[in-house]
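Take a look at the structure set out below.
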Amino acid sequence: MRRLLIRTASAAGLLVLLVVLGVVAKAWFDSRLPDSYSAMDYGQVDDGGGPPHDHSHNLVSIETLHGPRTKPDFRTTLVAKQAEVELASGRAVSAWTFNGQVPGPELRVHQGDVVEVTLVNEDIDDGVTIHWHGVDVPNAEDGVAGVTQDAVMPGERYTYRFRADQLGTFWYHSHQVSSKQVKRGLYGAFVIEPRTKAKGLDLAVVAHDFSGRAAMGSHDGVERRRVGARNDVRLRLVNTNSSPERFYVTSPFRVLAIDGTDLNGPTPIQDQMLVLGGGARYDVGFRMPQQSVRVGIARSPTALLLDAGGGETPAAEEPDVDFDPLGYGRPKPTLLATTSDFDRTFRMDIGKRIGFVKGRPGNHWAINGKLFPDTPMYMVRRGDLVKMRITNSSGKVHPMHLHGHHLLVLSRDGKKNTGSPWWVDTLDVFDGEEYEVAFRADNPGLWMDHCHNLPHARDGLTMHVAYEGLTTPFRLGDGPHNHPE
C-alpha cells in the first residue's frame, strides 16, 4: 500500500511538472514573433470607454496621410553613412552620421514652410529612417520603420514632406533599430522659427553621451562663445539620450518653452537644475549680464561658456533644487481641462512581470499587466477628447513619448497644474508617480506610444494609439527588415 501511495504521489508530481512545463513552453512559444507581422495584428484593443471600433467599413491605408505636394519652401538632403568624427577634445568616435557629422546638420525652417527632406542611405546595413520628434506631422511622414514606411536600405532614398505648422524646438533621429542608431549618432536638431526672427543669440544645445563622455554638440569640454552684454539669449536644450540629462545655468533665467510649446508668463528663476527626460527639450532665456554665464551638464566638465568680455568666469556650482514645471508660469484657458467631458479615458500602468518577450525569459516591462506584444492598442476616433492616467511602479524612470500629438499635463500625484498650460510630447514618469494627461485626437493615423529610453522600448515598453478606420500596409520583423526599436 505504501509503495502504491509513493507511486501515485510520484505520478501526480510528474503530471504537475509536465503541466507546468507545458504552460511555460506555451508561454515561450506564444511570445515569439513571426518573421513578418503587422502592428495591427497585436495589442490588447482598448476603447477607453468610448464606442467600440467599427470594422464593418473599408479600411483606409495610412499611406494616404501624407504631407502637401506643393513646391517646398525648404529642401535638403540627409545622407546616412558611417564616418569617424572627432570631438572638440580630439577624441575620435566611430559613428553613424547624417552628412558625415554628429550631430547631423541643424535644420532651421520658418513656421508655415513646406519642408522637403530626402534621406539617402549610403552604407547603414540595418536600414534607416527619419522620425521628426515632437513635430505633429501627417502619419505617413512619421518615419517609423514597419509602421509608417519601410526602412531605407543601403543605396535607397526616401523623401519626407510636411508643413511646419508648429513653432519651437524639436529634433530628428532614426526610428529603425533606434536604441542603437541614435546612440551611434543618427540625430540632429530641428528648429521651427517665426518669420520675424528675434534679435540676440538663438542657439540649439544638443546633449549626447558618447560612451560615458557627455557632449554638447561636438564639444566634450568647454565651448566658449562671445556674447555682448545686454543681448537676449535663447538656448534650446535638447536631450538625445535615453536617460534624464541635468542642465544648470549660472544666471537668472526663464523657462520659455517645453517640448516646442511656449509657456505662458514664465517668471525668472535661478539656482535650479533643469531635468530633461530622454528626448525632451527646454528653451531657456535671459539677458546677457556683464559677467560670463556657464551652461553645464551636471556631474560633467562639459559646458557652454558665454563670455561677455567682462567679469570672472563663474564656477561650476550645481544647484541642489530641481525645477518643477507644475505650477510654473500663469494659467490660461485651454480646450482641455480636468473638468472636460472626455470621450475616452485610458490607463497606462507601467510595471514589471516575469515571463517571455520575443522568446526571452526574464522580469520584463509590463503595461496594464501585459507583456509585449500584448500591450494596449488605444483606439480613438477623430475629434475625441482623450484622458490618460499614467502610473509607474517599475522601479525606473520612463520618458513616455506619444507620436503625432502633444499631451496636456492635468495633474501629478493628484495635484492639479495651476500654472501655465504644460504641454509635452515626452513626459518623464518617475517611479511611484501618477499623471493625468489629455489630448485631442486630431491627427489620424497609427501612432507609436513608447518609452523614449530606447532600450526600454526595444525590450517591450511600447504600444500604439490607432484611429478607427485606418490600417497600415507595412510589416514588422526580420523578413521586411523593419525594427523600429
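Just so it is clear, none of the values below were taken in a lab; they were calculated from the coordinates. Computed from a predicted structure; not experimentally measured. With ideal geometry, Cβ positions are generated from the backbone for all residues, glycine too; neighbour counts draw on all protein chains shown.
Farthest toward the dipole's positive end in segment 210-365, which of Pro361, Ala229, Leu256, given Cβ charges of +1 (Lys, Arg) and -1 (Asp, Glu) about the Cα centre?
In segment 210-365, that residue is Pro361.
With +1 assigned to the C-beta of every Lys and Arg and -1 to the C-beta of every Asp and Glu, and no other charges, what is the dipole magnitude of the chain about the Cα centre in debye, to the nearest 20?
Here the size comes out at about 600 debye.
Local charge sum around Leu304 (other residues, Cβ-Cβ under 9 Å, Lys/Arg +1, Asp/Glu -1)?
Taking every Cβ under 9 Å from that of Leu304, the sum is +2.
Shape verdict for segment 390-435, please, from the Cα gyration tensor: rounded (a/c under 1.5), prolate (a/b greater than b/c) or oblate.
Oblate, because a/c is 1.5 or more while a/b does not exceed b/c.
Lysines near Lys183 by alpha-carbon distance under 16 Å, same-chain residues fewer than 8 away left out - which ones?
Excluding near neighbours in sequence, the set is Lys81.
Based on DSSP, what percent of beta bridges with both residues in segment 74-307 are antiparallel, to the nearest 5?
About 70 percent, rounded to the nearest 5.
Quick one: which of Lys332/Lys370; Lys180/Lys396; Lys352/Lys416; Lys396/Lys416; Lys71/Lys387; Lys370/Lys416 span more than 31 angstrom between C-alpha atoms?
Over 31 Å Cα-Cα: Lys332/Lys370; Lys71/Lys387.
Count the net charge of all other residues whose Cβ sits under 13 Å from the Cβ of Val380, scoring Lys and Arg as +1 and Asp and Glu as -1.
Taking every Cβ under 13 Å from that of Val380, the sum is -3.
Would you mind counting up the charge near Ala316? Only other residues with Cβ under 11 Å from its Cβ, with Lys and Arg at +1 and Asp and Glu at -1.
Once positives and negatives cancel, what remains is 0.
Given axes a ≥ b ≥ c from the Cα gyration tensor, I'd like to know whether segment 40-140 is rounded (a/c under 1.5), prolate (a/b larger than b/c) or oblate.
Verdict is prolate for segment 40-140.
Using 0.36 nm per residue, how much length does the chain from Ser89 to Asp73 gain when fully extended, once their Cα-Cα distance is taken away?
Full extension from Ser89 to Asp73 adds 2.0 nm.
With unit charges on the beta carbon (Lys/Arg positive, Asp/Glu negative), name the residue among Phe98, Ala80, His66 whose Cα is farthest towards the positive pole of the charge dipole of segment 64-107.
Of the options given, the answer is His66.
Return, for the Cα atoms of the chain, the radius of gyration and Dmax in Å, separated by a comma.
Just the Cα atoms of the chain yield Rg and Dmax of 24.2, 99 Å.
Could you compute how fast segment 295-405 diffuses translationally, taking Rh as the Kirkwood radius over C-alpha pairs and applying Stokes-Einstein at 25 °C with viscosity 0.890 mPa s? Give it in µm² per second.
The estimated diffusion coefficient comes to 128 µm²/s.
Hey, what angle do you get for helix 2-31 against the long axis of the chain, alpha-carbon based, 0 to 90 degrees rounded to 10?
The angle comes out near 40 degrees.
Which distance in Å, rounded to a whole number, links the C-alpha centroids of segment 197-229 and segment 230-265?
12
Among 206-218, 66-78, how do they line up by average Cβ neighbours within 10 Å per residue, starting with the highest?
Top to bottom by mean Cβ count within 10 Å: 206-218, 66-78.
Determine which residues of segment 358-372 fall in the zone a paramagnetic label at Gln44 would reach in this model, i.e. backbone nitrogen under 16 Å from the point 7 Å along Cα→Cβ.
364-372
Among Phe162, Val144, Ser218, whose Cα sits farthest toward the positive end of the charge dipole of segment 74-307 (+1 at Cβ of Lys/Arg, -1 at Cβ of Asp/Glu, about the Cα centre)?
Of Phe162, Val144, Ser218, it is Ser218.
According to the Cα gyration tensor, what semi-axes, each the square root of 5 times an eigenvalue, does the equivalent ellipsoid of segment 74-307 have, listed from largest to smallest in whole Å?
With the √(5λ) rule applied to segment 74-307, the semi-axes are 30, 21, 15 Å.
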